[in-house]
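The values are calculated or read from the model by the stated rules, or taken from the named source; none is laboratory data. Predicted, not measured: the structure shown is a model, and the values here were computed from it. All Cβ positions, even for glycine, are placed from backbone atoms using ideal geometry, and neighbour counts span all protein chains on display. Note: areas computed on protein heavy atoms with side chains; ligands, DNA, RNA excluded. Shrake-Rupley method; radii C 1.70, N 1.55, O 1.52, S 1.80 Å.
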Amino acid sequence: MTSRPTFTAQENIIQVWWAILDVSRDTLTDCRTLMSNEESEKASRFLAEKDAAHYIAARGFLRSLLARYIGIAPEQILFDYGMYGKPSLSERNTPKGLNFNLSHSGGIALCAVTHKRNIGVDVEKKREIRDWE
């Protein structure tokens, strides 16, 4: 079932969304139901349970957010992957020109969304750097 989009991406405007990835088990279960087989397989390869949980929550956040721009169910979103693994929305079920980028680190995720522009966003966990000199 498709629904009407509730967010609109505009050319020359970048919308940045953030999410906390430390979520409840129930929320993780919900996020897992939105993921593709490939995403589930990747989640199972994480060695640390917390890293897997953050990945699952980030994918749930991304899919739920993009679904509100596209107007389809989050689990129906198809991704294509570039040479270095960067995801983009597949033109098979996505309005042409909607672009996004997702970054997550240390329990925080950022997603930037725009129209007809390449976009990048990055977030890094604050950490002490010893011997930086």
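Below, the figures for the structure above:
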quantity: Percentage relative contact order, the chain, counting C-alpha pairs under 8 Å, at least six apart; calculated: 30 percent
quantity: Linear extension gain, residue 42 paired with residue 12, 0.36 nm per residue minus alpha-carbon span; calculated: 7.5 nm
quantity: Heavy-atom accessible area per residue - the range 1-131, 1.4 Å, Å²; calculated: 67 Å²
quantity: Cut-off 12 Å between beta-carbons: net charge of the residues surrounding residue 64, Lys and Arg +1, Asp and Glu -1; calculated: +1
quantity: Reciprocal of mean inverse Cα separation for the chain (Kirkwood radius, Å); calculated: 15.7 Å
quantity: Karplus-derived HN-Hα couplings along the range 71-88 (A = 6.51, B = -1.76, C = 1.60, θ = phi - 60°), whole Hz, x at Gly and Pro; calculated: x, 10, 5, x, 6, 8, 5, 10, 10, 10, 10, x, 4, 9, x, 5, x, 9
quantity: Computed E for residue 93/residue 125 - FRET, C-beta separation, R0 30 angstrom, nearest 0.05; calculated: 0.35
quantity: Accessible carbon and sulfur surface of the range 20-111 relative to its total accessible area, %, 1.4 Å; calculated: 51 percent
quantity: For the chain, calculated [θ]222 nm from helices alone, where every DSSP H run of n ≥ 4 adds -39500 (n - 2.57); calculated: -9500 deg cm²/dmol
quantity: Heavy atoms of residue 108 accessible to a 1.4 Å probe, total area in Å² rounded to 10; calculated: 60 Å²
